[in-house]
1. Quick check on C:Ser206: is it surrounded by 23 or more Cβ atoms within 10 Å (Cβ to Cβ), over 21 Å from C:Lys161 (Cα atoms) and more than 8 Å from every other protein chain (Cβ to nearest Cβ)?
2. Within the bounds of segment C:168-177, is there any residue that is more than 27 Å from C:Lys295 (Cβ to Cβ) and either buried (at least 20 other Cβ atoms within 10 Å of the Cβ) or among the hydroxyl-bearing types (Ser, Thr, Tyr) (or both)?
3. Can you find a residue in segment C:338-345 that is touching a Phe, Trp or Tyr at 6+ places or on another chain (Cβ under 7 Å) and within 30 Å of C:Thr385 (Cα to Cα)?
4. If I ask for residues that are crowded, with 24+ Cβ neighbours inside 10 Å and more than 7 Å from chain C (Cβ to nearest Cβ), which ones from segment A:313-325 would you list?
5. Assess whether C:Phe112 counts as being over 30 Å from the mean Cα position of the chain (by Cα) and surrounded by 20 or more Cβ atoms within 10 Å (Cβ to Cβ).
6. Starting from segment B:86-105, keep only residues that are at the interface with another protein chain (Cβ under 9 Å from one of its Cβ atoms), then list their pairs with residues that are basic (Lys, Arg) and outside any strand (DSSP E or B) whose Cβ atoms are within a distance under 7 Å, requiring at least 6 positions of separation or different chains.
7. Closer than 30 Å to C:Gly140 by Cα and free of Cβ contacts under 8 Å to residues at least 40 places away in the same chain: does that describe C:Pro599?
8. Within segment C:282-290, is even one residue buried (at least 19 other Cβ atoms within 10 Å of the Cβ), assigned to a strand (DSSP E or B), of a type in the set (S, T, N, Q) and more than 7 Å from every other protein chain (Cβ to nearest Cβ)?
Amino acid sequence: MDRKITRPVAPLLWLLAVSCVVLLVLPPSSSMADTGNYVGSETCLECHDDIGPAMSRTVHGNLQAYQYPGEATGCESCHGPGGAHAESEDPADIFKPTADNGGAEKCLACHKTGTTMNWGTSTHAENDVACLSCHQIHIGTYGKALLKAPQEQLCESCHQDVKGKFQLPSHHPLKEGFMTCTSCHDVHSGNMQGIAEGEMVRDACLNCHTQYAGPFIFEHSPVEEDCRICHDPHGAVANNLLKQNEPFICLQCHQPHFHTILAGWEGDYSAPPGVVDADPGYEGLSGTSHYDSMKRSMLTKCTQCHASVHGTDLPSQTITGQGRALNR
Amino acid sequence: MFFVNANLTASPKVSFFMEGVYTTAKGSFDPFDLPLPDDIPADVAISPDHVGDSKGAYDFTGIGDYSDLDYTTLEGTFGVNYKLDQRATLYGSVNVVDLQDDQTYVYGDLTGNIVTYATGMTVGF
Amino acid sequence: MHKRILLMTIAALLVCWAPVGMADDGGGFVTGTATAGAHISDSTDNPVRVGEYVNLEDFEDVMADMVLDLFGGTPNTLYTVGLTYRDNSTKSIDFNLWTKNYISADFGYDSFIHNMDHDYLQNMQAKEASVDADGNFVPGGKQIYHTDNDPMGRYFIQYEKFHGNVKVDLPFMEGGQVYGGYGEQTRSGFKQTMTIDHCAFCHVESNAQRIDQRTETWTAGIKGTVGKASVQYEYTSRDYYDHTGAPERRWLNASHPVNGGSEEEFASRDIFEDVTLPYGQSADSEKDVHNVAMKVDLDRAGTLKGSYTHTKSTNDFTNIEGKVDAFSAGYAVKLNPNWRLTARFLTYEDKVDDYFVDLPNFRAYDTTYGNLDFDWNRISAANRTVTQGDVNLNWKLAKRKHLNFSWRLQVIDRDAMAQNQTNYIFDGINPGNDGATLVPSEPYADKTTINRLKLRYNARLGMKGNYNFTYTYTNVDKPYMNPWAGCEHSLQGTGSAHTGGAAEGRVYYYQRQRYGNGTNMPSQAHQFALRGSYQLSPRTSISAFANYAHDKNDDLNVYEYTRDMFTPGINLWTAPSDRLLFTLGWDNMWVQSNANMCPPFFDG
């Protein structure tokens, strides 16, 4: 299989050119030019000896000089110059980042790229969630992200309605521990959908359900629109995370087959021999019918026949259906 | 959905934990009866009350029954920890998950029950 | 798979190296927990749904449980190691390494099983009733059958995921880093695959289909900060492979459902018959993504960011390509100590190749009313230009009291929200048209405009609690729908002598003339959300929430769609003594939707 690297040359060159101009024109960030009476972390730890050992076991406690954005290193890179505080021992004389006082700006002084690049315009920031709402800095726990609690607990503390959905009979395996909220969501993202930057909602689904990526010849248009038209990714009563069970989910956008208004024959039946004789593999087909059997067949689960509901390249059988019935 | 979680430290060495979640989940399709079309051509015979009429049976009142769902789930865990010393703890637990399917769909009766017994030792270092 | 083995080997070596390195340096530390145990499971009745994510194979056997969590370091490194083993289907390994010498890496592997239900197809059996000339109740012709070729089959997907990422710092640039990663997800097992043959009667056939799918993802990027600008470029390549051949089935030769005759008439309604063909195929595909993003810190003037993303997707079976070009921008600024402004903009164009579907002529033998050409040009429903922006104002009313106001505008301009089927125009419905006239498939190319207003107030109740209230109003002009969902045109007054049946000799699908809209998307939505928590005493706290939503769509042409949703919940945490801790909770979700259903007109 031949692979070609896509080259969207013109827009990329345009963006690179803009980037270069910006880089050349703008002066360095003010965060690199902090001034004040710095005393060094050793001075801090003379009193705050409870923090030192724990902090030394975190990435933050082991940063190299080149990893600091300004001249200040160690404790003072976040807390600012500590000279006055060391002198007075007054808590008011040192900056203590909190969720309410712009603590995020201290974090973003280093975390300028990656997913946190978008934090400033993220939905969480917009709603007064701060870095310290979820993270703690001095103690290395709950993985490399320095979370204050296991991820699910943190998310559920605000999104309690979502927690309940994961108890429904059909759910992604979050409570089983095989997924986390961040398997789909980018909590730092500025994307309006709460997923990774630059992605549409269906892209987040297709990362794992890639078999439905296509693009296919015969499409089901809501699949191209938004998976959530039919599915609730957090949990549902109906199987396969369907927002309503079939056939109701389908009947909201489709009319039932006209065969559904047929009355059914009461009794057993079998396929006429003349029909199946040419294909011996199908002899002996039989069934039992009741008055409502036509309805029961066609108004119970649409995907029994329309199995390729996410799209396919294989045409269905009828010409009048133009191959698009998603039966194959 | 109801849930309860409890932790009891019975003694410095023995503690118990318990978690229970009870969930009922229903999905139903209200029965409805479609009105008979009022503009059927005269040559098309319609008699919804006539079982043997092949041209139409507009009584859809039963279709909700085909796809209604009704699940009840009970999950319960009960466990005990026994602290051997500051670093080592023995544990034992039993976990029960019970699903009651009261409206069988195309998958047959999904009613089922799983019981898991677990025991072991955790060492901290 | 060899790549995964190679990377797993690297991971294993690193896992081994870390403690050794620590010992050599003599100045390291390691903390953690190790668990060794066993479990045994048993089930009654049907274990598949109740154990949806449980390996059912090893039931009634004693299985080893092993969990290892390590957090350690040497003078030059920090690392974490996580290992979990529950059974052969459920295990994981996770390794994170951070060195002071510019390199950090993480590797992980985990696997779990997903059991899937078995559809027994028992509802798919029916025979039409009819009346004879004397009014007697007799069997009719139309029949439905099903065949489950794997009635005892158990269906499951074994998921296995691996990822490995390495980052190398560029010390000459602030925050400079190059990085690369590889991720792989495999899905194996068996699933139930169905299809239908209606050459002579409806016959749904189900088979067990082996699953052997693999998704590979390669990522490479570079990022850094120069002056006030932070720039990042990332390239992602994703390949999807299905290593199984699609299952096949035999489609019968077309014939009359009752007497076995009329083969020509019935065959000429079908694209294929009397043939063995594949079904349930999932085509290999690939996706390439280039993303470049930049953020500029303007100090007191705020933060400005922008990005461009180019995505190309290809179906390797048909070579159909889709391309997306997306530009985004964002700006956040603190206007003064009490006001914060956030604005975001995104526009993207999604374009998938058209595809011409070449079909045999319908009822080719009938040169009077038949021999109709139903070829069509598929215009993708993915084709669209989306432009959206939002503005958010955050007002600090007082200490720990904030009011948020946001407005979002989104315009989705589609080439084909849906595409109607080729229609036959009847005399009467379209006066003056008295012949076999075909109207080509038409795309419904409409524009959806969404306006969303959101008001949110959140406050703290001293040091003991907090609460927030959110109201969201959404107005959608021409929401996503199927414009031809149901309801055929009336026959009354058409003058049609329509009697149905094959002998009539014309296309008689009145259903193709559907005109009623259908959707589950609202044109107006009101959402109310209230949430709060309060510490009643040092040993008791309570939290509660209630969400209510009322959606309706009154823009539809034959009915009004409505949906109401109410979701309340309450949690209580209490510690009656130092030894006893309780958490109690209740959640409820109620949703009711109303939609339309037109009685289908039967023509046969």
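The values are calculated or read from the model by the stated rules, or taken from the named source; none is laboratory data. Every value quoted in this text rests on a predicted model; they were computed, and no experiment measured them. Note: ideal-geometry Cβ built from the backbone for every residue, glycine included; neighbour counts use all protein chains shown.
1. Yes, satisfied.
2. Within segment C:168-177, not a single residue is more than 27 Å from C:Lys295 (Cβ to Cβ) and either buried (at least 20 other Cβ atoms within 10 Å of the Cβ) or among the hydroxyl-bearing types (Ser, Thr, Tyr) (or both).
3. Within segment C:338-345, one or more residues are touching a Phe, Trp or Tyr at 6+ places or on another chain (Cβ under 7 Å) and within 30 Å of C:Thr385 (Cα to Cα).
4. A:Ser316, the sole residue that qualifies.
5. Against the criterion (over 30 Å from the mean Cα position of the chain (by Cα) and surrounded by 20 or more Cβ atoms within 10 Å (Cβ to Cβ)), C:Phe112 does not qualify.
6. Final answer for the pair search is B:Leu99/C:Arg49.
7. Considered against the rule, which asks whether it is closer than 30 Å to C:Gly140 by Cα and free of Cβ contacts under 8 Å to residues at least 40 places away in the same chain, C:Pro599 comes out as yes.
8. No, there is no match, as no residue in segment C:282-290 is buried (at least 19 other Cβ atoms within 10 Å of the Cβ), assigned to a strand (DSSP E or B), of a type in the set (S, T, N, Q) and more than 7 Å from every other protein chain (Cβ to nearest Cβ).
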